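Visitor: What follows is a single structure, and I will ask about it in a moment.
The values are calculated or read from the model by the stated rules, or taken from the named source; none is laboratory data. It should be emphasised that the depicted structure is a prediction, and the values quoted were computed from it without experimental measurement. Glycine also receives a Cβ, built like all others from the backbone with ideal geometry; neighbour counts cover every protein chain displayed. To get the accessible areas, we keep the full protein, side chains included, count just its heavy atoms, and leave off ligands, DNA and RNA. Shrake-Rupley method; radii C 1.70, N 1.55, O 1.52, S 1.80 Å.
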Amino acid sequence: DVKVTQSSRYLVKRTGEKVFLECVQDMDHENMFWYRQDPGLGLRLIYFSYDVKMKEKGDIPEGYSVSREKKERFSLILESASTNQTSMYLCASSTAGTGNYGYTFGSGTRLTVV
Amino acid sequence: QKEVEQDPGPLSVPEGAIVSLNCTYSNSAFQYFMWYRQYSRKGPELLMYTYSSGNKEDGRFTAQVDKSSKYISLFIRDSQPSDSATYLCAMRPYNTDKLIFGTGTRLQVFP
């Protein structure tokens with residue numbers, strides 16, 4: 001069964017902490033994505049990566065950075081966590097181009113910043 | 001104006017009802033259309049995928065795309081309480097891998 005695995009289901013962090021969210025996929029997908037999901041706002045793209053060491057900003061990259069050193073792993077970093085980053089974070093992956101039949105999502109990480 | 005509009009609901013229906021979920025969009029370049037289902041506290045899962053216009057059926061689910069009206073629909077026949085979830089539409093043009101999502105419609109099917 002193909003999978004996107006997010007390292008934590010629930011996280012509680014303090015304001016100002018550096019936070020790492022990890023995502024691993026086992027489908028050899030080229031593309032990986034980080035979204036946050038908030039009530040009434042839907043899914044908002046933070047960053048995506050279309051290849052190892054390649055990244056592009058999404059719609060809301062401020063306060064976040066990413067790292068993709070290996071094809072299967074895509075990390076989201078909150079440099080200095082703030083309370084407005086409390087959210088559900090979703091990682092997704094997909095093949096590239098015409099073989100892209102949609103994303104496979106992880107189960108999500110619910111992050112609370114106190 | 002958002003590129004993809006979706007009524008947030010909630011939509012509450014009795015078991016056995018036919019459910020219609022809809023999205024409208026503004027970008028005529030969209031070619032690939034998807035519906036995702038998301039249960040509470042879970043990630044979205046792909047339910048239906050269609051390319052360009054037309055209908056696609058899978059069991060109790062039918063996806064419909066009308067590109068002339070920039071309108072897509074998901075129909076659920078004989079709805080079950082287990083169908084209670086948030087349904088998100090998503091779409092993309094041919095030249096990018098990034099999906100544009102609707103905000104989701106919350107569906108409740110009561111016994």
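Visitor: Take the range A:88-103 and flag every residue that is of a type outside the set (A, V, I, L, M, F, W, C) and either away from every other protein chain (no Cβ under 13 Å) or more than 12 Å from the chain's Cα centre (by Cα) (or both).
Guide: Passing the criteria: A:Ser94, A:Thr95, A:Gly97, A:Thr98, A:Gly99, A:Asn100, A:Tyr101, A:Gly102, A:Tyr103.
Visitor: Quick one: which of B:Ala17, B:Ala29 is more than 14 Å from chain A (Cβ to nearest Cβ), touching a Pro at 6+ places or on another chain (Cβ under 6 Å) and at negative phi?
Guide: Working: B:Ala17 fails: touching a Pro at 6+ places or on another chain (Cβ under 6 Å).
Exactly one residue qualifies, and that residue is B:Ala29.
Visitor: Test A:Gln85 against the criterion of being more than 13 Å from chain B (Cβ to nearest Cβ) and open to solvent by less than 50 Å² (accessible area, probe 1.4 Å), and give yes or no.
Guide: yes
Visitor: Pick out the one residue from B:Tyr25, B:Tyr49, B:Tyr32 that is modelled with pLDDT under 95 and either in contact with a Lys or Arg (Cβ under 6 Å, 6 or more places away or on another chain) or crowded, with 21+ Cβ neighbours inside 10 Å (or both).
Guide: B:Tyr32
Visitor: From the list A:Lys53, A:Lys70, exactly one residue is modelled with pLDDT of 95 or more, surrounded by fewer than 15 Cβ atoms within 10 Å (Cβ to Cβ) and over 14 Å from the mean Cα position of the chain (by Cα). Which is it?
Guide: On inspection, the qualifying residue turns out to be A:Lys70.
Visitor: I'd like the full set of residues that are in a strand (DSSP E or B), closer than 30 Å to A:Ser49 by Cβ and of a type outside the set (Phe, Trp, Tyr), limited to the range B:75-104.
Guide: B:Ala85, B:Thr86, B:Leu88, B:Cys89, B:Ala90, B:Met91, B:Arg92, B:Pro93, B:Ile100
Visitor: Take residues that are touching a residue at least 12 places away in the same chain (Cβ under 8 Å) and of a type in the set (A, V, I, L, M, F, W, C) and tell me which of the strands (runs of 3 or more DSSP E) falling wholly in the range A:1-85 contain 2 or more.
Guide: Numbers: elements: A:4-6, A:10-13, A:19-25, A:31-38, A:42-51, A:54-57, A:64-70, A:73-78.
Where strands (runs of 3 or more DSSP E) fall fully within the range A:1-85 and carry at least 2 residues being touching a residue at least 12 places away in the same chain (Cβ under 8 Å) and of a type in the set (A, V, I, L, M, F, W, C), they are A:10-13, A:19-25, A:31-38, A:42-51, A:73-78.
Visitor: Now for a different question. Considering the range B:62-85 alone, what residues qualify as being of a type outside the set (S, T, N, Q), open to solvent by 20 Å² or more (accessible area, probe 1.4 Å) and within 10 Å of the chain's Cα centre (by Cα)?
Guide: Matches in the range B:62-85: B:Phe75 only.
Visitor: If you don't mind, another one. Of the conditions (1) in contact (Cβ under 8 Å) with a residue 12 or more places away in the chain; (2) more than 13 Å from every other protein chain (Cβ to nearest Cβ); (3) at positive phi, B:Gly54 clears all except one; give me its number.
Guide: Tallying (1) in contact (Cβ under 8 Å) with a residue 12 or more places away in the chain; (2) more than 13 Å from every other protein chain (Cβ to nearest Cβ); (3) at positive phi, B:Gly54 fails exactly one: (1).
Visitor: With open to solvent by less than 30 Å² (accessible area, probe 1.4 Å), in contact with a helix residue (DSSP H, G or I) (Cβ under 9 Å, 6 or more places away or on another chain) and closer than 19 Å to A:Leu43 by Cα as the only criterion, which of B:Leu107, B:Leu88 stands out?
Guide: On the way: B:Leu88 fails: in contact with a helix residue (DSSP H, G or I) (Cβ under 9 Å, 6 or more places away or on another chain).
Just one listed residue meets the conditions, B:Leu107.
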